[in-house]
Amino acid sequence: MLTQPAPVETNLGQLRVAFPQQSFPVGQDAEWCVVSDGSNWREFRFHDYGKIYSLPGLYEKIFMEHLKSRSHLVMAEALALAVEQQERCLGDCRILDLGAGNGHVGARLHELGARHLWGVDVLPEARDAARKQHPKVYSGYSLVNSSLLRELRDFRVNTVICVAALGFGDIGPELFEEVLSVLPADSLVAFNIKEQFLNVLDPSGFHQLFMRLQFQGKLKPLKQWRHFHRYSTWGDPLHYLGVIARTL
């Protein structure tokens, strides 16, 4: 185990962010910090993304600067390489960023040459943050609702990327499967997921989903690898399983 980082307090405009010392590690979905606007301190659980997105720059301060989050870079670059290896052009791909959050995955893909990106998230705060922080990245940005699949068909999605959004009550297996159902054959799918969700005994349903999609001949993994996601507040490295697959 790495040495636990000391409490950190940094300035973010008028905000101050502190990561309190912990006497024992907590689960990834129970991590938290406290933030002050100069008058009082508020507690933020890391998976309360709506509240975090509502304070511009707070997500970046917590996850990128302190906890060294890398998944948005790792997965965007892996997808770009997979597109190149398939002798395709990233600029021609019509990419769905599923669980897009405030837009860092899309922004990196845009830097790499993607020109047709559509964001989707369950939170209006995520959509609002992406539009403010990355106004030129997405052709559109939808919330999960009854018209979502129609919008994706109208956009003619042929590539999907889903980064750190599967599990923990964010993007569930049913929604993930519905999104994959609108893809034409030979579409590329890139996602990462914490390995615990692929355990045969895990109740989330992701293990059963991926086994069934492969058994039914709907999804073929092309590459799988374990990569660094970010550090926990306890100081341990958190690893995810990255997957590049192709629809059949």
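The values are calculated or read from the model by the stated rules, or taken from the named source; none is laboratory data. Bear in mind the structure is a predicted one, so any value in this text is a computation, not a measurement. Cβ atoms come from the backbone with ideal geometry, glycine included; neighbour counts cover every protein chain shown.
Points to keep in mind about this one:
- Of all residues in segment 1-33 being under 21 Å from Phe168 (Cα atoms) and not in a loop (DSSP other than H, G, I, E, B), the one that is modelled with the lowest pLDDT: Asp29
- Complete set of residues in segment 108-139 that are part of a helix (DSSP H, G or I) and of a type outside the set (A, V, I, L, M, F, W, C): Arg108, His110, Glu111, Pro124, Glu125, Arg127, Asp128, Arg131, Lys132, Gln133
- Condition broken by Leu98, with the remaining ones in (1) in contact with an Asp or Glu (Cβ under 9 Å, 6 or more places away or on another chain); (2) outside the structural domain of Asn145 (by TED's automatic domain parsing); (3) touching a residue at least 12 places away in the same chain (Cβ under 8 Å) satisfied: (2)
- Some residue of segment 188-201 being crowded, with 19+ Cβ neighbours inside 10 Å and farther than 30 Å from Glu65 by Cα: yes
- Entry remark, segment 56-98: residues being touching a Gly at 6+ places or on another chain (Cβ under 9 Å) and part of a loop (DSSP other than H, G, I, E, B) number 3 in total.
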